[in-house]
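Quick notes on the structure that follows.
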Amino acid sequence: MTEQTSSPMELTPSDHTYLHLDTKSSPMHWAMLLELSTDEPPITFDAIRSRVQERISRYDLFRLVIAQGRWRKPQVSVADDIDIDRHVSAVDYDDSIDLHRHVSTRLEAALPRTNPLWHI
């Protein structure tokens, strides 16, 4: 049996389901929170941006732009340039309640379909 892999330009059935359900009033986001070890020196925000920029340059997946997709056929393209400041940001928070408020605010905001559909 051969392993089948798809290019980032080929959408899967679950991609189509996501695109159908995603609307400006009901964005279909998911989130992941990481707790970094306090035993090691902390990673800097600039180092995170640098690592993200490196991966963007290596993998088309991170530059994938998908327009349409709800009732129309998705238009898939690869962005030539990514505004790293727009896609990778930091926020200070006071406690876990404040953190969850910030996360909720991000999850409630629709991502613009003119850019890759991710934010760190």
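The magnitude of the dipole of the chain, with charges of +1 and -1 set on the Cβ of Lys/Arg and Asp/Glu and taken from the Cα centre, is near 760 debye.
Judged by the mean number of other Cβ atoms found within 10 Å, the most tightly packed of the peptides 20-26, 35-41 leads the ranking 20-26, 35-41.
Given their separation in residues at 0.36 nm each and the Cα-Cα distance between them, residue 84 and residue 25 gain 18.7 nm when the chain is fully extended. At 1.4 Å probe size, with the rest of the protein present, what percent of the exposed accessible area of the stretch 11-111 is carbon and sulfur atoms? Within the stretch 11-111, the accessible surface is 53 percent carbon and sulfur. Site-free segments of the chain were taken between chymotrypsin sites (Phe, Trp or Tyr not before Pro) in DSSP loops having at most 10 other Cβ atoms within 10 Å, sites themselves excluded; the longest one is 72-120.
Label zone (residue 37, point 7 Å along Cα-to-C-beta; backbone nitrogen cut-off 16 Å) within the stretch 43-63: 43-44. Rounded to the nearest 10 degrees, the angle from helix 45-58 to the longest Cα principal axis of the chain is 20 degrees.
In terms of its alpha-carbon gyration tensor, the stretch 62-112 comes out oblate; a/c meets the 1.5 threshold, while b/c is at least as large as a/b. The residue 15 and residue 109 beta-carbon pair, evaluated with R₀ = 22 Å, returns a calculated FRET efficiency of approximately 0.60. In the stretch 37-79, taking the dipole from charged Cβ atoms about the Cα centre, the farthest positive-side position among 56, 66, 42 is held by 66.
Between the helical axis of 96-108 and the longest alpha-carbon principal axis of the chain there is an angle of about 20 degrees. Let a ≥ b ≥ c be the square roots of the eigenvalues of the Cα gyration tensor of the stretch 15-120; is it rounded (a/c under 1.5), or, if not, prolate (a/b larger than b/c) or oblate? Verdict is oblate for the stretch 15-120. Using a probe of 1.4 angstrom and keeping all protein chains present, the accessible surface of the chain works out to 80 square angstrom per residue.
The values are calculated or read from the model by the stated rules, or taken from the named source; none is laboratory data. This one's a predicted model, so the numbers in the text were calculated from it and none came from an experiment. Quick reminder, even Gly has a Cβ in these numbers, built from the backbone with ideal geometry, and neighbours come from all protein chains shown. In case anyone asks, the SASA skips ligands and DNA or RNA and just uses the protein heavy atoms, side chains included. Shrake-Rupley method; radii C 1.70, N 1.55, O 1.52, S 1.80 Å.
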